[in-house]
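Asker: What follows is a single structure, and I will ask about it in a moment.
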Amino acid sequence: MEVLNPRCGGVDVHKNSVVVCAKVNGKKETKTFKTYVGTLRQMGKWLVEKQITTVAMESTGVYWKPIWNLLEAEFSGIHLVLANAEHVKQVPGRKTDVCDAEWLADLHSCGLIRGSRVPNRENRELQELVRARRKLIDDRSRMICRIQKVLEGAGVKLSSVVTDITGKAGMAVLKALVGGEKDPEKLVKLTETGLKAKPDEIVAALEGSMGRHQSLLLEVELHILEGLSKAIVRLDKEVEKRMRPFWKTLVRLDDIPGIATRGAQEILAYAGPTLEGFPTAGHLAAWTGVCPGNSKSAGKSKSKRARKGNLWLKSTMVEAAWAAIRTKGSYYKDLYHRKKSTRGAQKAIVAVAHSMIETIYHMVTRGTDYVELGPNFHKMQQRATVLKRRLRELGSLGYEITVRDLEAEAVAA
């Protein structure tokens, strides 16, 4: 097999050690290094001494990140390639760390490793911030559910009369309950934000039996909730600061149904602010994991199950798709119901996410604004077919219909 990289290396990554194989003109030399920063620098110097020009390493959990960061920052002359462990599996049998490192070097020397997409350091930091914020938002939602559970256990039906128990009125009642207030008449006076529920109903809902342990649990959970809210605000400010150069793109994406500011920030953080790593919209959809799979043999399609893709971006797009189909008069709502009738809800929502990510690609790469196609866009593309079908249905029911083309008459007039 033709050798494309005569001076290359393979790195088998572990938590406490890395095994490095340097392959120079067919000759291999293997060394083991600890994963401390000092020993990793020694590894980089050793690779430079061997005149290694490119290195391939496995993406083992998060353990590859410090190695990648150090080599990228201090040894820029070495080209780095991140290999998906599933794509470089060895033949079953001899399985050792040294064999794995040599196998990576052998594959990389022949150019058989397709590197995973790794953004630059600035974008990786932005991704970490966005992911941390998403986890905190999920933790905050779980904490609100725990607070609700404590209230239900105490017989306090606050959520029955308040839309959001963490809103102004809800928080006022919760803090009063923590302070030991149990009189429902006094608790009602704290809801001064004009609730739709009647005063008698609010009094009945707040009449419970809050025990001492429940008050303690509520106090601890409110303290955690407050800390999570402050942390989310801090991360919001940092993400907004880092994405300030791309605020025009964020404003354009905010016009898409189902996508708000946070969603737009997550999309640009995961896929890149300029989407320069994707030649076409199809490449971006495939990398996201929202397009059908392609598995054929002997002329038969085996499976069209969507690939895993980038799980973070995929979850963001699916969440945005669920919001988009609830927007009245939107193209995505019509698309969802058309696909759902033949493929089911889950495949239909993935199809909507696919359409949305393609729209985002063209908006970002071309710098254009979002144009709403409307719920009748698909029908207008097939007017003759739709008309024939409707006339056939009405004819089967015994009706005779006379059709007038209002658009043609308006043009003629």
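Any read-out appearing in this document is the output of simple, stated calculations on the displayed coordinates, not a laboratory observation. The structure presented is a predicted model; accordingly, all values stated were derived computationally and were not measured. All Cβ positions, even for glycine, are placed from backbone atoms using ideal geometry, and neighbour counts span all protein chains on display.
Asker: If you take all C-alpha pairs in the range 264-385, what percent of them are over 21 Å apart?
Answerer: Looking at the range 264-385, the distances longer than 21 Å represent 43 percent of pairs.
Asker: Ok, one more. If you put +1 on each Lys and Arg Cβ and -1 on each Asp and Glu Cβ, how big is the dipole of the chain around its Cα centre, in Debye rounded to 20?
Answerer: Dipole size: approximately 1160 debye.
Asker: A further question on this structure: Just want to confirm a number: the relative contact order over the chain, from Cα pairs under 8 angstrom separated by 6+ residues, in percent.
Answerer: Relative CO of the chain lands at 11 percent.
Asker: Using the Cα centre of the range 102-193 as origin and beta-carbon charges of +1 (Lys, Arg) and -1 (Asp, Glu), tell me which of Leu190, Cys145, Ala176 is placed farthest towards the positive end of the dipole.
Answerer: Final value for the positive-end residue is Leu190.
Asker: What is the Cα centroid distance between the range 245-281 and the range 113-172, reported in whole angstrom?
Answerer: A separation of 22 Å, based on Cα centres.
Asker: What number results when the radius of gyration of the range 7-109, computed over Cα atoms, is divided by 2.2 N^0.38 Å?
Answerer: 0.96
Asker: Using the per-residue mean of other Cβ atoms lying within 10 Å as a proxy for protection, in what order, highest first, do the peptides 131-144, 259-272 fall?
Answerer: Highest to lowest by the protection proxy: 259-272, 131-144.
Asker: Hydropathy at least 1.0 by Kyte-Doolittle, axial extent at least 24 angstrom from the Cα trace: which helices of the chain, defined as entire DSSP H runs, fit?
Answerer: Length and hydropathy pass: none found.
Asker: Here's another thing I want to ask about it. For every helix of n ≥ 4 consecutive DSSP H residues, a contribution of -39,500 (n - 2.57) applies; sum these over the chain, divide by its total residues, and give [θ] at 222 nm rounded to the nearest 500 deg cm²/dmol.
Answerer: Estimated from H runs of four or more residues: -17500 deg cm²/dmol.
Asker: Let me check I've understood the local charge: for Leu126, count other residues with C-beta under 14 angstrom from its C-beta, Lys and Arg +1, Asp and Glu -1. What total comes out?
Answerer: The answer is +3.
Asker: Let me ask another. For the chain, take N as its residue count and report Rg(C-alpha) divided by 2.2 N^0.38 Å.
Answerer: Cα-based Rg divided by the globular estimate yields 1.35.
Asker: To continue, here is another question. Expressed as a fraction of 2.2 N^0.38 Å, the rule-of-thumb size for a compact globular protein of N residues, what is the C-alpha radius of gyration of the range 92-197?
Answerer: Rounded to two decimals, the normalised Rg is 2.10.
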